[in-house]
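The values are calculated or read from the model by the stated rules, or taken from the named source; none is laboratory data. Not measured: the values here are computed from a predicted model. Methodologically, a virtual Cβ is constructed for each residue, glycine included, from the backbone with ideal geometry; neighbour enumeration extends over all protein chains shown. Accessible surface is based on the protein model in full, side chains and every heavy atom, while ligands, DNA and RNA are left aside. Shrake-Rupley method; radii C 1.70, N 1.55, O 1.52, S 1.80 Å.
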Amino acid sequence: MSNREVADLLAAASAAYKIKDEQKNKFRSIAYDRASAAIEHLGSEVKDFWDDGKLEDVPGIGPNIAKHLDEIFKTGKSKHFNKVFLGVPPSVFEFLKITGVGPKKAIKLAKELNIKSSKGAIKRLSKSAKSGKIAEIERFGEGSQKVIAKSIKEHEARPKERMLISQAENIARDVVGWVSENKSVEKIEVLGSLRRRASTVGDIDIAVATKNPESILDHFIEYPNKTRTLGKGPHKASIVLPNNIQVDLMATENDSFGSLLQHFTGSKHHNIALREIAQKKGLSLSEYGIKGINNLKFKIKNFKDEESFYKSLALSWIPPELREDAGEIEAAKANKLPDLLKLSDIKADLQIHSDFDIETSHDIGDSSMVEIAKKAEKLGYQYIGFTEHNPSQRGHNERKVIELIKKKREAINRVNTKIKIFNSMEVDILPDGKLAIGDKALGELDFALVSIHSSFAQSRQSMTARVLSALSHPKVKIFAHPTARRINKREGVELDWTKIFEFCRENNRWIEINAEPTRLDLPDYLVREAVKAGVTLTLGTDSHHVRSLENMRYGVDVARRGWAERKDIINARTLVEFEKVLKGGE
Ligand code: DGT
Ligand code: CA
Ligand code: CA
Ligand code: ZN
């Protein structure tokens with residue numbers, strides 16, 4: 001069960017309590033809401049806490065809720081929750097997804113409109129709004145019906161899947177280009193999760209500084225690729241693009257642009273935490289600035305830039321990647337923010353597949369060693385590793401594998417380049433933890449990457465043993481795309497990260513942040529844990545084409561979101577330093 005699913009379950013339980021007896025269940029439902037928010041907000045998987053027997057360490061989860069979750073994780077079912085939901089029509093939990101519909105309204109809608117099943121519940125609700133049936137319900141009226149109809153439209157417009165950061169970037173670039181054609185744009189920035197460089201993006205948020213918001217918004221909603229306009233007010237408009245991708249645009253005067261930037265960069269949780277700090281100082285925060293809560297004479301304070309905004313709350317400026325309310329505010333207060341890794345720190349790409357025919361059963365790259373080396377020089381790298389997949393097991397005995405590795409080394413030697421090229425290989429971790437090539441063949445490599453490409457569904461325990469066994473070979477230095485997730489396609493494997501991290505730290509193995517936008521693996525929240533555990537990481541683009549070497553920046557984004565500094569990254573070291581570590585010195 002993912003954090004999202006657990007959080008939804010707890011929120012649904014809270015709603016069910018409210019529906020049954022709000023007065024009597026007041027504190028229960030507060031506890032469930034709190035636990036739901038805590039889990040939604042949690043940096044790591046709640047199931048991992050459970051695996052370690054530490055559910056109660058999650059702030060917001062008390063012994064009672066922990067007991068009920070334990071039953072669910074153990075058996076997949078829960079008597080307790082079944083009882084809580086008993087008598088509440090399943091449609092209610094669908095209705096709760098509509099903005100502005102709380103538990104009371106949801107149950108009333110279900111009863112009065114006689115919609116009980118969750119299947120098609122929202123479609124039927126939408127029909128009722130259209131035929132005027134919602135307005136007829138006591139205490140709803142025309143106004144309420146209109147609001148619900150609008151919220152349903154927004155709900156249905158939401159994309160089913162979140163965008164990859166690379167897709168969101170491309171779309172945002174095009175919209176920014178269009179909006180910038182308007183002469184009254186003074187500044188324009190992309191905000192929200194895209195500015196925080198999150199690995200996936202729900203919708204795109206853009207802010208414009210201008211003296212003429214109206215002209216900007218009028219121009220924005222004429223964006224040629226839009227399918228429809230969701231709404232337009234004096235300072236904000238939203239449009240929808242193909243595939244239900246939403247773009248929000250906010251426009252404001254230049255002298256309050258800093259407040260706007262800060263507010264719509266989020267995250268929501270970061271902003272909520274800041275608001276609490278402001279409240280303690282008797283101030284209130286909004287996208288327009290800061291003002292006194294009880295003092296009407298205290299004029300709203302605008303901020304031209306974010307530095308002055310954060311300074312007014314006695315905080316140092318916080319890099320957007322860290323704004324998740326995961327300790328960054330405390331660190332900013334104490335002036336102890338990390339000195340985050342930068343793209344310019346990267347001196348190598350340690351996962352690249354060239355077109356050298358290694359006779360693998362997996363895919364090979366499209367670009368030649370020469371093209372790739374040239375590109376790497378352009379990127380300012382000092383060294384790279386060619387990491388084609390191992391030769392297929394069928395038809396290659398060890399002697400043949402060794403021949404191929406030697407042939408590849410000769411090909412590398414023929415490349416005329418200033419940079420150092422390592423003869424490496426991405427070797428499959430077989431289901432039993434053995435490697436797909438033998439010891440002697442491994443001995444021919446400068447170092448090996450290992451990764452999981454099959455049997456993803458093993459239990460946490462056997463998967464952990466499998467990976468540790470693979471990492472034990474002395475030539476193996478890198479654990480590549482360690483969760484093996486494919487964003488929106490495949491969940492990651494289950495591993496005991498504490499054990500993996502400990503092994504890697506003790507034995508000088510490096511965990512990869514795979515920079516391919518469909519992977520971004522290790523995920524940011526695990527990067528944070530790895531860094532805390534003192535593990536050294538490596539960045540690789542997993543390029544199969546020379547142009548993908550540019551994807552390194554997405555890996556840097558993930559590293560930064562995981563609070564990684566230059567010292568945490570092996571390929572941020574110079575070639576001399578890297579070779580020293582490779583030979584076993586540190
Ligand atoms: P996304 O679009 O799901 O990838 O994530 P965001 O973070 O871009 O979220 P979005 O587009 O809903 O809102 C952009 C920012 O606006 C968000 O990060 C913080 C701010 N914001 C939105 N809703 C709220 C809210 O209810 N309270 C506060 N304090 N801030 C909000
Ligand atoms: Ca957004
Ligand atoms: Ca938005
Ligand atoms: Zn791979």
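Structure above, values below:
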read-out: Cβ-Cβ FRET estimate between Glu22 and Lys281, R0 fixed at 35 Å, reported to 0.05; value: 0.55
read-out: Separation of the Glu181 and Glu403 label points, Cα + 7 Å toward Cβ, nm; value: 6.1 nm
read-out: Whole-angstrom gap from the range 479-536 to the range 1-79, using each part's C-alpha centre; value: 27 Å
read-out: Distant-in-sequence amide H partners of Ala448 (H built 1.01 Å from N, under 5 Å); value: Val476, Lys477, Ile478
read-out: Integer Hz, Karplus 6.51/-1.76/1.60 couplings in order for the range 11-24, x for Gly and Pro; value: 5, 5, 5, 4, 4, 4, 4, 5, 5, 6, 6, 4, 4, 5
read-out: With DNA, RNA and ligands ignored, accessible area of Ile122 (1.4 Å probe; Å², nearest 10); value: 20 Å²
read-out: Tilt relative to the chain, helix 552-561 - C-alpha long axis, 0 to 90 degrees, to 10; value: 60 degrees
read-out: Heavy atoms of Ser469 accessible to a 1.4 Å probe, total area in Å² rounded to 10; value: 60 Å²
read-out: Relative contact order (%) - the range 163-252, alpha-carbon pairs under 8 angstrom, separation at least six; value: 27 percent
read-out: Residue-span extension gain [Asn413 to Ser455] - 0.36 nm each, minus C-alpha spacing; value: 11.5 nm
read-out: Relative contact order of the range 348-387, defined on C-alpha pairs under 8 angstrom at six or more residues apart (%); value: 57 percent
read-out: Solvent accessible area, Å² - His396, 1.4 Å probe, full protein context; value: 30 Å²
read-out: Set of aspartates and glutamates with alpha-carbon distance to Lys133 below 16 Å, sequence-local pairs under 8 removed; value: Glu112, Glu142
read-out: Extension gain, Lys311 back to Ser361 (0.36 nm per residue minus Cα-Cα distance, nm); value: 12.3 nm
read-out: 0 to 90° range, to nearest 10: angle between helix 369-378 axis and the chain longest Cα axis; value: 60 degrees
read-out: Per-residue ³J(HN,Hα) for the range 573-580, Karplus 6.51 cos²θ - 1.76 cosθ + 1.60, θ = phi - 60°, Hz, x for Gly and Pro; value: 8, 5, 4, 4, 5, 4, 5, 4
read-out: Efficiency of FRET from Cβ geometry, Lys67 and Arg228, R₀ 51 Å, rounded to 0.05; value: 0.60
read-out: Carbon/sulfur fraction of accessible area - the range 163-252, other protein chains in place, 1.4 Å, %; value: 48 percent
read-out: Distance (nanometres) between label positions extended 7 Å along Cα→Cβ at Ser472 and Val576; value: 3.8 nm
read-out: Sites Glu565 and Glu502, calculated FRET efficiency, Cβ-Cβ separation with R0 22 Å, nearest 0.05; value: 0.60
read-out: Solvent-accessible ranking of Glu502, Glu565, Glu142, largest area first, probe 1.4 Å; value: Glu142, Glu502, Glu565
read-out: Pairs from Lys187/Lys420; Lys18/Lys301; Lys83/Lys105; Lys347/Lys475 whose Cα-Cα separation, in the structure shown, is over 31 Å; value: Lys187/Lys420; Lys18/Lys301
read-out: Average accessible surface area per residue within the range 172-282, 1.4 Å rolling probe, Å²; value: 42 Å²
read-out: Karplus-derived 3J(HN,Hα), 6.51/-1.76/1.60, for each residue of the range 409-423, Hz, glycine and proline x; value: 4, 4, 4, 4, 4, 6, 6, 8, 8, 7, 8, 7, 10, 8, 8
read-out: Estimated [θ] at 222 nm from DSSP helical runs (n ≥ 4, -39500 (n - 2.57)) normalised by residues in the chain, nearest 500; value: -12500 deg cm²/dmol
read-out: Length released on extending from Gln167 to Asn212, taking residue separation times 0.36 nm less the Cα-Cα span; value: 13.2 nm
read-out: Contact order relative to length of the range 257-333, as percent, for alpha carbon pairs under 8 angstrom and 6 or more apart; value: 33 percent
read-out: With Cα atoms, 0 to 90° folded angle of helix 26-40 axis to the chain main axis; value: 30 degrees
read-out: The range 391-509, accessible surface, carbon-and-sulfur percent (1.4 angstrom probe); value: 45 percent
read-out: Heavy-atom SASA rank of Thr200, Thr227 (probe 1.4 Å, accessible area, largest first); value: Thr227, Thr200
